[in-house]
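Q: Take this structure, written in structure tokens, and hold onto it; I'll ask about it next.
Computed from the coordinates by the stated procedures, all read-outs in this text should not be read as laboratory data. Just so you know, these numbers come straight off a predicted model, no measurement behind them. Note that we place each Cβ from the backbone using ideal geometry, even for glycine, and neighbour counts take in every protein chain shown.
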């Protein structure tokens with residue numbers, strides 16, 4: 001929601017059916033809660049956030065958080081291939097595996113790699129023929145949308161000024177995770193010899209809005225300023241496997257006329 005909440009809101013408003021895949025259970029992403037409490041809180045908060053943005057369905061794969069480094073990437077890829085074949089999406093959206101500047105979450109890196117490879121292997125009828133035996137069929141997504149902490153090769157910019165409030169509210173639904181993020185900032189500040197009252201206040205009150213909302217709005221404003229609009233989210237988008245010009249040059253015709 002932090003990276004593309006505004007774009008998701010615009011897609012759902014336009015009538016697109018958005019399905020979210022939650023790969024890990026976020027069982028350790030909290031401060032001052034037990035593991036069981038953390039799992040349930042983060043699950044419930046994600047679903048509330050999805051409602052704000054108009055996400056139609058959340059699919060939980062249930063991997064323990066921060067452990068994908070010990071998981072078979074081929075096994076994770078198979079589960080994503082199955083979802084692609086089952087839902088047959090127009091577009092597949094994930095972290096950009098080739099633009100991971102500043103990304104220190106290894107789960108993000110591994111999900112990006114598995115999803116990127118699933119894009120093309122989901123089209124092969126020799127990849128996981130057991131899916132075909134179950135009635136699924138190979139499927140090719142027309143677009144791939146990539147996001148990240150910093151998108152190095154921006155191809156598409158989405159104006160989110162009209163939905164920035166929803167993006168903020170959807171993000172703030174994740175109060176358990178965000179409190180942990182604020183606590184991490186406070187720990188780092190103390191190590192560096194800093195006292196940051198707004199972080200202390202956010203943790204004592206459990207109200208992270210004074211920290212998180214300015215960060216989200218300033219990030220959107222900075223992205224928008226770079227492209228001459230008010231607020232934006234940036235993406236690298238690949239259409240038709242990078243061969244879109246082949247279609248535009250007259251090699252095909254649209255089936256809808």
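Q: Where does region 1-87 land on the Kirkwood hydrodynamic radius, alpha-carbon pairs, in angstrom?
A: Value: 14.3 Å, from the Cα pair sum.
Q: Most fluctuating residue of 195, 57, 37 in a GNM of the chain with Cα springs under 10 Å: which is it?
A: 195
Q: Taking Rg and Dmax of the Cα atoms in Å as the quantity of interest, determine which of [x] 18.0, 60; [y] 19.6, 65; [z] 22.3, 76 was computed from the displayed structure.
A: The listed entry that was calculated here is [y].
Q: While we're here: Please compute the modelled spin-label separation between residue 47 and residue 206, points set 7 Å along Cα→Cβ, answer in nm with one decimal.
A: 1.9
Q: Looking at the chain, what % of its DSSP beta bridges pair antiparallel, to the nearest 5?
A: Looking only at bridges with both residues in the chain, the antiparallel portion is about 45 percent.
Q: Taking a point 7 angstrom from the Cα of residue 16 along the C-beta vector, which residues in region 167-198 have backbone N less than 16 Å away?
A: Label zone hits: 167.
Q: Can you give the calculated 222 nm mean residue ellipticity of the chain, where each DSSP H run of n ≥ 4 adds -39,500 (n - 2.57) and the sum is split over every residue, rounded to the nearest 500 deg cm²/dmol?
A: Mean residue ellipticity, 222 nm, calculated: -14500 deg cm²/dmol.
Q: Tell me the label-point distance for the pair residue 126, residue 36, using the 7 Å Cα-to-Cβ offset, in nm and rounded to one decimal.
A: 5.0
Q: On to the next question. Please say if region 117-257 is rounded, prolate or oblate, where rounded means a/c under 1.5 for a ≥ b ≥ c the square roots of the C-alpha gyration tensor eigenvalues, and otherwise the choice is prolate for a/b larger than b/c and oblate otherwise?
A: prolate
Q: Using a Gaussian network model of the chain with C-alpha springs under 10 Å, which one of 64, 210, 197 is most mobile by mean-square fluctuation?
A: 197
Q: May I pose another question? For region 34-135, taking Cα atoms only, what is the radius of gyration to one decimal and the Dmax to the nearest whole Å?
A: Gyration radius and largest Cα-Cα distance of region 34-135: 15.2, 44 Å.
Q: Take the alpha carbon atoms of region 17-55, find their center, do the same for region 217-235, and report the distance between the two centers in whole angstrom.
A: Centre-to-centre distance over Cα atoms comes out at 27 Å.
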